[in-house]
Amino acid sequence: MSSTRTSSGPSTSYGSSADVPRGRGRAFGAWCAGLLFAGVSAVVACRAADTDAMTPIPQLLAFLPWLLVPTGAGLLLSLLARWRTGLLWGVLVLGPLAWFIEPYGNADEPQGLAVARLRVLASNVEFGWATDALVTAVRRERPDVVFVSECEYGCQATLRAELGTAFPYRQAVEGDTSVGSVILSRYPLTPAPVVPGVMGMPGAVADVDGRPVRLQLAHPKPPLPRQVTVWKRELGRLRDFADDHRDDGPLILAGDFNASQDHAAFRRILDTGLRDAARLAGSGREPSWPSRTTPAFGTQIDHVLVSGEFSAGRARFLDLPRTDHRSLLVDVTLHQARQAR
C-alpha cells in the first residue's frame, strides 16, 4: 500500500512582507522629490519668464545658485525610489538652472586710452554700527570714492570727523537708522538730484582730473514679503535713472541694491548698458550678504555698476565687523571715449 506524504507546514511567499515598507519608503521618497522639484521649477520658470513675481519668488531668486542643492537631493531621492519620471523631471530642471547661473550682462572692454584710475568702495554699515570698522578699512585701502549706505546721523558725524581731511567732498542724505546715506570723494563734487526712495540715495558729479563722472548711490528697499512692490518700484527708478543718463558720459552706480543678477528688476538696470564691476573682475558670484549668519551660502546684492567708459581690475569683498554686508572694493579705469569718425 502506497501513501502520499504532504507537507503541513506554512507556505511562504518570498518578499511579500518585506516589500510593503519598502514600497512605502519609495513612495515617500518620490513624494519628497516631487515637492523639491515643484519648488525649484516654480523659481526657474519665473527666472525664464524674466519676472520676479511675488513672495516667495523674489526671496528665493536671490539664492538661485543654491537651488542646485534641493535639485540634487531630489535626483538622489528619485534614484533611490526608482522614480523614472522624477529623474527626468530633475534633469529638465537642472539644465536651465545651470544655464542661469552663468554671469549676466555685457562684459566688453572699452577701446579708448586710459585717462584715470579710481578705487571705489561700496559699504552698508547697518544702521551705522560698522562705522568705526569702515573708517579703519578706508584708511587701510585708500579708496578715492566711498558709497556708504545706512549711515545715520552718528555715522555721518564720525566720517566727517575722522575722514574729513582725506575726503573733503561729500554728498549726503541725512536720516536715522537705514535712511541716511553718503558719498565721500577725494575729487570735487557738484550736487545732483537724488533718486527718490524710502531710504536715501544721493547723487553727485565728480570732477576727476577735469572729466565729469556721475556718481549715484543705490539703496532700494529690500524685498520683504510686504515690501516687494516698493522694492520693484525703487529698482525701476534706478533703471530709469541709468537709462536717462545712458549717453551723458561716465557713470558709477553703486551701493546695496538688495538684488542679485537673478532678479529681473536688477537685470533691467544692466540692460541700460551698465556693467557689474565685480563680474568684470571675475568675482560675479561671490556673496556679499548675509555675512554674519551664512556667509558661504549667501548672495551678491552689493554692486558697483559702471558705464562703458570703464574697465575693472581687481575686486575684493571686505569683511567688516558689526554689519551683515561685506563691503565691495574695486579698482576701475576710466577710458577716453572713442571719437566718432
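Descriptive notes on the structure:
- Cut-off under 5 Å, modelled amide H: who pairs with residue 224 long-range: none
- Heavy atoms of residue 101: accessible area, 1.4 Å probe, square angstrom to 10: 40
- Here is what passes the span test in the chain: the DSSP H helices with alpha carbon length of 30 Å or more along the helix axis and a Kyte-Doolittle mean of -0.5 or above are 16-48.
- Partnerless cysteines in the chain, where a partner means another cysteine C-beta under 4.7 angstrom, comprise 32, 46.
- Loop-located trypsin sites (Lys or Arg not before Pro) across the range 179-228 with a Cβ neighbour count of 14 or fewer within 10 Å are 226, with loop assigned by DSSP.
- Solvent-accessible area per residue, Å², over the range 35-123 with all protein chains present [probe radius 1.4 Å]: 54
- Here, the range 136-229 yields an orientationally averaged convex hull projection of 6.7 nm² when only Cα atoms define the hull.
- Figure note: 54, 201 ranked by solvent-accessible area, largest first, 1.4 Å probe, ligands and nucleic acids not counted: 54, 201.
- Amide H contacts of residue 218 (H built 1.01 Å from N, in plane; Pro and chain starts excluded): 254, 255, 256 sit under 5 Å, all sequence-distant by 5 or more or on other chains.
- Placing R0 at 56 angstrom, the Cβ-Cβ distance between residue 248 and residue 35 gives a FRET efficiency of 0.65 after rounding to 0.05.
- Per-residue 3J(HN,Hα) values for the range 183-189, derived from phi via the Karplus relation 6.51 cos²θ - 1.76 cosθ + 1.60 with θ = phi - 60°, read 10, 9, 8, 7, 9, x, 10 Hz in sequence order (x marks Gly and Pro).
- For Rg and Dmax of the Cα atoms in Å, calculated from these coordinates, the label among (1) 19.7, 59; (2) 27.0, 125; (3) 21.0, 66: (2)
- Ligands, DNA and RNA are left out, and with a 1.4 angstrom probe the accessible area of the range 233-341 is 40 Å² per residue.
- Shown in residue order for the range 51-67 are the 3J(HN,Hα) couplings computed by the Karplus curve 6.51 cos²θ - 1.76 cosθ + 1.60 at θ = phi - 60°: 9, 8, 6, 9, 3, x, 4, x, 5, 6, 4, 4, 10, 3, x, 6, 5 Hz (x for Gly and Pro).
- Antiparallel bridges, percent of DSSP beta bridges restricted to the chain (to nearest 5): 80
- The residue 139 and residue 79 beta-carbon pair, evaluated with R₀ = 56 Å, returns a calculated FRET efficiency of approximately 0.55.
- Length gained on full extension, residue 69 to residue 237: 57.1 nm, using 0.36 nm per residue less the C-alpha separation.
The values are calculated or read from the model by the stated rules, or taken from the named source; none is laboratory data. Given the structure is predicted, the values throughout are model-derived calculations rather than measurements. Reconstructed Cβ throughout: ideal geometry from the backbone, glycine too, with neighbour counts over all protein chains shown. Accessible surface areas use protein heavy atoms only, side chains included; no ligands, DNA or RNA. Shrake-Rupley method; radii C 1.70, N 1.55, O 1.52, S 1.80 Å.
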